1. Counting only residues that are surrounded by 13 or more Cβ atoms within 10 Å (Cβ to Cβ), in contact (Cβ under 8 Å) with a residue 24 or more places away in the chain and out of contact with any helix residue (DSSP H, G or I) (no Cβ under 7 Å at 6 or more places or on another chain), how many does region B:136-159 have?
2. Out of A:42, A:74, A:97, A:25, which single residue is outside any helix (DSSP H, G or I) and under 30 Å from residue A:407 (Cα atoms)?
3. For residues that are within 18 Å of the chain's Cα centre (by Cα) and either aliphatic (A, V, I, L, M) or on the phi > 0 side of the Ramachandran plot (or both), scanning just region B:89-109, find the one that is modelled with the lowest pLDDT.
4. What single numbered condition from (1) in contact (Cβ under 8 Å) with a residue 24 or more places away in the chain; (2) more than 21 Å from the chain's Cα centre (by Cα) fails to hold for residue B:56?
5. Condition first: touching a residue at least 12 places away in the same chain (Cβ under 8 Å), surrounded by fewer than 22 Cβ atoms within 10 Å (Cβ to Cβ) and out of contact with any Lys or Arg (no Cβ under 8 Å at 6 or more places or on another chain). Now tell me which residues in region B:13-24 satisfy that.
6. Hey, residue A:270 hits all of (1) of a type in the set (Gly, Ala, Ser); (2) out of contact with any strand residue (DSSP E or B) (no Cβ under 9 Å at 6 or more places or on another chain); (3) in a loop (DSSP other than H, G, I, E, B) but one; which does it fall short on?
7. Could you tell me whether residue A:272 is of a type outside the set (Ser, Thr, Tyr) and without any contact (Cβ under 8 Å) to a residue 60 or more places away in the chain?
8. Any idea which of (1) modelled with pLDDT under 95; (2) within 14 Å of another protein chain (Cβ to nearest Cβ); (3) crowded, with 22+ Cβ neighbours inside 10 Å is the one residue B:66 doesn't satisfy?
Amino acid sequence: MANDNIQMWTELNIDLKSHDMLLNALGPIFKEVYLSQKNRPAGMGFYDFVVGDIHGIRVKELREHAKNGGKVVATYCVFVPEELVWAADAIPVGLCAGTQFSVPMAEEVLPRNTCALIKSSFGFKLGRVCPYVQASHLIVGETTCDGKKKMFEILNQYQPVYVMEVPNKKTERSRQLWHGEVLAFKDVIEKLTGNKIAAKKLGEAIDLVNQRRLALQRLYNLRKNRPVPISGKDALLATQVSFYDDAKRDTQMLNALCDELDKRVAIHQGVAPAKAPRILISGSPMAIPNWKLHHIIESSGAVVVCEESCTGTRFFSDLVKPTQQNLDEQLKAIADRYMNIHCACFTPNDERPDDVVRLAKEYQADGVIHYNLQFCHTYANEAHKMGKRLEKEGIPLLRIETDYSDEDAGQLRTRIEAFLEMIRK
Amino acid sequence: MISAGLDVGSRTIKIVTFDTIVRDSIITDTGANPLRRCQELMSGRNFERVVVTGYGRHLVAPALGGEVISEIRAFAIGAEYLYPDCRTVIDIGGQDCKVILLSDNGEVQKFEMNDRCAAGTGKFLEIMANTLEVKISELGNLAMSASKTVRINSLCTVFAESEVVSLIARGELPADIALALHDAIATRIATMARRVGIKERAVFAGGAALNQCLNRLVGDKLNIELTVPREPQIVGALGAAIIARNMLSNNNEIKTEA
């Protein structure tokens, strides 16, 4: 098994020495952050297994698919309509980009004052330490921020990259532009795979992805219970894995986990005491293995009950309207669904504070932690409006700006503990 | 019924023992082994309960059998005890600076704290004093003797130090450079205070409050007079001691009011 992996990584032109260091670093972190938790649902065993073999079995599946003539399409963002990829018998893989490990590699090329997510993703390619990147036939980027936009130009020198243009406003003209981008993306995928996307296939793909979204909605709805039946860390991990696992299997696993959580809720069994402060996190995405903030919060006696982020509600809260039968209507339904993601790349984006206020109530949050990656200007600026709005609503807010390194762990712990002291009843 | 409060900071350790008044206080360097230092300081001391705060709280509290509270709550409670009408606390310590807004009943309502670096903290002043070849205790007085205005643009300790080196090379006087450094920190603190929404009375605590130049500049920028306690460094340890005392008198139940 291990030897199989090494051979596979060699074929994928992985830098084995560096890659070893990466995997060796991940094990102890996962043990400290995840396996030390008490009273975890048995259903998390699947996710522990996935992380334990993070660059093994799933990569092997992608390689098998490629050997049979299938294509692998790597993405970084929830705006890329994965239905079109599935419908052309290709497999989409959401890349992670959540580790400090690859940041210094990226800094050889990118400006240092770029956000950690961009640096980490680019470093994975430059350092040849991610088999998912290596195994993909096309990387699909988007224009959700200037840092990514320009990074993709450089990344394109290493591997084929196609960039979708996400508009910056929510006007009718912007919607038309985005609709055109979805149509253009369909052509790109058809050309890549040699498969024509037909209404029947696309309908199946819409259903496939919607089913996973429904399973994630079910998981998050269970987190509204008090006491909460699953830790924020575990719910985050299940969400993160959904970005790159097989959609059908992932849906099954999520539903199995939810069945177990239903039973917990019925007997009021929780992972934290009912009086533990409940935290809603809002802001930048958290890619594997970025569990830093959740870990500090949950090891300080609170529990994270919801993430308003791209590795949270923005990933699954809307479905693609499933009732459309012909191809044009399906494509329109897809464009409409993705355009409705309340990302900070839009101006204005007043729906996002509305979402946070609504979610804080639904999840019975005692406080909100606004999280933005350092140098992420869009979320950092939105934090101001968010602060004003939450103050008006009487919802306590703590603003955190950080990156993937551990150098600020002490200060973060102080601020989070003080915040918890403040909101504890 | 004697309680103790311990503030294990990045630069100094502060201890306060308390019953109905402050009985004793100590300030000493943290050094490389704060746990051993704390154990030495506490051994033979008479107290019934201890609460630990400061950067080293999680290291020291379990070993001493004490509870942990954040510096933010500790400073709020300590300042409110000293000045019941206190509504804002500005604290500049060794490696962080914070502004805490208190509600009318003395509870932490809102706070801001520096993110990660030493910008605008005691450590920043210490490094700059070193570069200017003066003692940290003399830096404030040196700045107040300045006769000319120069500007430091960077607040990053590393960049500011190289900026200071270029100013020295340009022939600027140490006093003028020192004033520029104080001005840069005061601007940052004032911005932070305005973001929180400063209210009077504002208490300036932490080691940097001993620096009169900083006190004056921050006050000028905020257009208020800051209150500096007689021993600004021990406010956090005092807050911790008060909480420990409340735990004793409240059947070991954490009480939120000081």
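The values are calculated or read from the model by the stated rules, or taken from the named source; none is laboratory data. Computed from a predicted model, the values in this text were never measured in an experiment. Virtual Cβ from ideal backbone geometry, glycine too; neighbours counted across all protein chains shown.
1. The number of residues fulfilling the criteria is 2.
2. Details: A:42 fails: under 30 Å from residue A:407 (Cα atoms); A:74 fails: under 30 Å from residue A:407 (Cα atoms); A:25 fails: outside any helix (DSSP H, G or I).
Only one candidate passes the filter, namely A:97.
3. Just the residues of region B:89-109 that are within 18 Å of the chain's Cα centre (by Cα), to begin with: B:89-102, B:108.
Next, only the ones that are either aliphatic (A, V, I, L, M) or on the phi > 0 side of the Ramachandran plot (or both) stay: B:89-90, B:92, B:99-102, B:108.
Details: B:89: 98, B:90: 97, B:92: 92, B:99: 96, B:100: 97, B:101: 97, B:102: 96, B:108: 95.
Filtering region B:89-109 for residues that are within 18 Å of the chain's Cα centre (by Cα) and either aliphatic (A, V, I, L, M) or on the phi > 0 side of the Ramachandran plot (or both), the one modelled with the lowest pLDDT comes out as B:92.
4. It fails just one condition, (2).
5. Listed by number, the residues that qualify are B:22, B:23.
6. (2)
7. Values: of a type outside the set (Ser, Thr, Tyr): yes; without any contact (Cβ under 8 Å) to a residue 60 or more places away in the chain: yes.
Yes.
8. Evaluating residue B:66 over (1) modelled with pLDDT under 95; (2) within 14 Å of another protein chain (Cβ to nearest Cβ); (3) crowded, with 22+ Cβ neighbours inside 10 Å leaves (2) as the failure.
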